[in-house]
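Written out below as C-alpha cells is the structure these notes cover.
The values are calculated or read from the model by the stated rules, or taken from the named source; none is laboratory data. These figures come from a predicted structure and were not determined experimentally. Ideal geometry is used to build each Cβ from the backbone, glycine not excepted, and the neighbour counts take in all protein chains shown.
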Amino acid sequence: MADWIIKTVETISANRRGIFTFLRAQLSSQLSSFTDFFVTIILAKIFHLFYVYATFSGSICGGIVNSVVNYRWTFKAMSLKKRYVAIKYISVWLCSIYFNTSGVYLMTELLRKTQLTEWLGHFFDNIFIVSKIVVSLLVGYVWNYNMQRVFVYKNQDFKKYFTKKNQVKWKRRNERE
C-alpha cells in the first residue's frame with residue numbers, strides 16, 4: 001500500500017503536463033487558500049479589522065505561498081529567470097487581489113440587501129465568509145490557474161514582439177486579415 005502511494009505521488013510530481021499539472025495546481029491552490037482564509041478570518045474575527053482590509057491582507061499572504069509552491073513544484077519553473085517570473089506573477093496577482101477584494105465587497109453588500117442574509121446568518125457569523133468562498137473559487141479557477149499556466153510560468157520571449165522586424169510581420173499579417 002505504501003509503495004502504491006509513493007509511486008502515485010512520484011507520478012503526480014514528475015509529470016509536467018496535463019491533468020497532473022492541474023492536480024498540483026489545485027493542491028497549491030488549497031494550501032494558499034487555507035493561508036488566505038486563515039489570515040482573513042483571524043484579522044476580521046480576532047483583531048476586528050474591516051473585512052475588506054482583512055480580505056486584502058489574506059490575499060497577499062495566500063499569494064506569497066502560492067508563488068513559492070507554484071514556482072518550485074506545480075509548474076517546475078526553476079529554469080526560468082526569477083525576475084521575469086516575478087514580474088509576470090505580480091501583474092497577474094495584482095489583478096487577482098483586485099478581483100478578490102472587490103468581488104467580496106460587492107457580493108457581501110449585495111447579500112446584505114437581500115433576504116438571504118437572514119438565512120445565511122444561521123450558518124455563518126459573518127456573511128462576508130460566504131462571499132469570500134464563492135469569489136475565491138471563481139477567481140481561482142477562471143483567472144489564477146489559467147494565467148499562471150499560459151502566461152506566468154511559460155518561457156516566452158516578449159522581446160520578439162517589440163523588435164522592428166517583427167512589428168513589420170505583425171503589420172503584414174493584420175493587413176491580410
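Going by the conditions given, is residue 99 touching a Ser or Thr at 6+ places or on another chain (Cβ under 9 Å), in a helix (DSSP H, G or I) and not β-branched (Val, Ile, Thr)?
Numbers: touching a Ser or Thr at 6+ places or on another chain (Cβ under 9 Å): no; in a helix (DSSP H, G or I): yes; not β-branched (Val, Ile, Thr): yes.
Here the answer is no, as residue 99 does not meet what is asked.
Let's see how each residue does on (1) farther than 21 Å from residue 152 by Cα; (2) at pLDDT 90 or above:
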{"residue": "22", "(1), (2)": "no, no"}
{"residue": "37", "(1), (2)": "yes, yes"}
{"residue": "69", "(1), (2)": "no, yes"}
{"residue": "92", "(1), (2)": "no, yes"}
Legend entry - Single residue of region 26-85 satisfying the filter (of a type in the set (D, E, K, R) and assigned to a helix (DSSP H, G or I)) that is farthest from the chain's Cα centre (by Cα): 45
